[in-house]
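The values are calculated or read from the model by the stated rules, or taken from the named source; none is laboratory data. Given the structure is predicted, the values throughout are model-derived calculations rather than measurements. Positions of Cβ are backbone-derived with ideal geometry, glycine not excepted, and every protein chain shown enters the neighbour counts. Remember, those area values only see protein heavy atoms, side chains included, never the ligands or the DNA or RNA. Shrake-Rupley method; radii C 1.70, N 1.55, O 1.52, S 1.80 Å.
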Amino acid sequence: AVRFRNFWFARVRYSYDRVRFNEFTPDFQPLASTQIYITPRIRFSLQTNENRAVYLSYSFATRKMVQFAENFYGREQRHELGLTARILDRTRLQFAGTFVREFLLDGTPFQNRRLLLTRLNHQFTRKLRTRVLAQASSNRRGRNFNVNSIVAYDFTARSALIVGYNYQRGSPLQPGDLGNEFFAKFSYLFHF
């Protein structure tokens, strides 16, 4: 890891995971009995000065990987890009994007995954705050979109009122999709 004079930060990391799994053919037929594989991972990351009002981050990683839900063993290339902005000391806005390419060990493309994330935090007063998180993702099975948001008011250090809205929908539709959901929560900590 290196921190430069302008407070930029760079890091290169090599690590590995020990994973137990079956190796599969492209049509998901097992090739061998269960084994332990060592899967090396290489990661490079760079971040601009996080003391600035706006800063960026980027990372690239490559590794062999296992996805048990997909019966997949292959290689992954992952790119992540982020932007964070602090506005007037009360608002923090973040954007993050992830793009992942997955290949079988013979080089055959398996799937691309995309994830976009937006997060907004705003502190209106010392007691009133809000948070919104929006997330969109896609892979070979379809697309998903989620929004989670709350407005919270702290009456005292021990009591708060939280009102929120959540939205979750996939394409194609999934049984677990929430659709629209509103909720309210009041909490109070009793002192004995």
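The mean accessible area for residues of the chain, using a 1.4 Å probe and ignoring ligands and nucleic acids, is 69 Å² per residue.
Compared with the alpha-carbon gap, the fully stretched path from Arg41 to Tyr165 is longer by 40.8 nm at 0.36 nm per residue. Rolling a 1.4 angstrom probe over the chain with all protein chains present gives an accessible area of which 57% lies on carbon and sulfur atoms. Taking a ≥ b ≥ c as the square roots of the eigenvalues of the Cα gyration tensor, region 56-165 is classed as prolate, since a/c reaches at least 1.5 and a/b is larger than b/c. Descending by average beta-carbon neighbour count within 10 Å, the peptides 58-71, 5-18 line up as 58-71, 5-18, the highest first. In summary, the chain shows an alpha-carbon radius of gyration equal to 1.33 times the 2.2 N^0.38 Å reference for compact globular proteins.
Mark the label point 7 Å from the Cα of Tyr153 along Cα→Cβ and return the residues of region 111-135 whose backbone N is within less than 16 Å of it. Within reach of a label on Tyr153, which here means backbone N under 16 Å from a point 7 Å along Cα→Cβ, region 111-135 contributes 123-131.
Comparing mean-square fluctuations of Leu178, Leu81, Leu56 from a GNM of the chain with C-alpha springs under 10 Å, the top value falls on Leu178.
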